[in-house]
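Encoded as structure tokens, the structure appears first; notes follow it.
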Amino acid sequence: MSETTSPPDAAEVQPNRPDLDLAPGIPPEEMDDLTEKIITALKTVFDPEIPVDIYELGLIYKVAVDDSRLVDIEMTLTAPGCPVAGDMPRWVENAVSAVQGISGVNVRLVFEPAWNHGRMSDVARVALDMW
């Protein structure tokens, strides 16, 4: 008897969670630990105009880790004309570079899809009183 699984209910999916592309050659428990440390590092970066970290804001679209432990990150900004557009990718790179066990970090700024309030987590919505 085969078992089918359906996609998670929309209410179960956190809107701010980036796509994760994780290296198959890294043992799962090590990859889980590395992923947790990367997310923790991302949560240390804040947009200076918004009192919520960039992870909870939903600005991180993709995190990829390859077998050599190189981390590629795709991120966006709340607006293309953000005054820290030239700085924030460097802040992300510096934060994630401090994670022990990775070999390097590449950060790419993207604007498709455009960021919107729907990408924010409940944590961000509460902090910004945006219900």
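Quick look at the values:
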read-out: Complete set of residues in segment 73-131 that are within 17 Å of LEU57 (Cβ to Cβ) and of a type in the set (Val, Ile, Thr); value: ILE73, THR76, THR78, VAL84, VAL92, VAL96, VAL107, VAL110, VAL123, VAL126
read-out: GLY86 being in contact with a Lys or Arg (Cβ under 7 Å, 6 or more places away or on another chain) and in a loop (DSSP other than H, G, I, E, B); value: no
read-out: Residue within segment 29-37 that is out of contact with any Lys or Arg (no Cβ under 6 Å at 6 or more places or on another chain), outside any loop (DSSP other than H, G, I, E, B), at pLDDT below 95 and loosely packed, with under 11 Cβ neighbours inside 10 Å present; value: yes
read-out: Checklist (1) hydrophobic (A, V, I, L, M, F, W, C); (2) within 30 Å of PRO24 (Cβ to Cβ); (3) in contact with a Ser or Thr (Cβ under 9 Å, 6 or more places away or on another chain); (4) not in a helix (DSSP H, G or I) applied to ILE50, failing item; value: (2)
read-out: Qualifying residue in segment 112-121 (condition: surrounded by 19 or more Cβ atoms within 10 Å (Cβ to Cβ), more than 12 Å from the chain's Cα centre (by Cα), modelled with pLDDT under 95 and of a type outside the set (Gly, Ala, Ser)); value: yes
read-out: Unique match (being without any contact (Cβ under 8 Å) to a residue 40 or more places away in the chain, touching an Asp or Glu at 6+ places or on another chain (Cβ under 9 Å) and among the β-branched types (Val, Ile, Thr)) among VAL110, VAL65, VAL126, VAL105; value: VAL105
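The values are calculated or read from the model by the stated rules, or taken from the named source; none is laboratory data. Just so it is clear, the model here is predicted, and its values are computed rather than measured. Cβ sites come from the backbone with ideal geometry, for glycine too, and all protein chains shown count toward neighbours.
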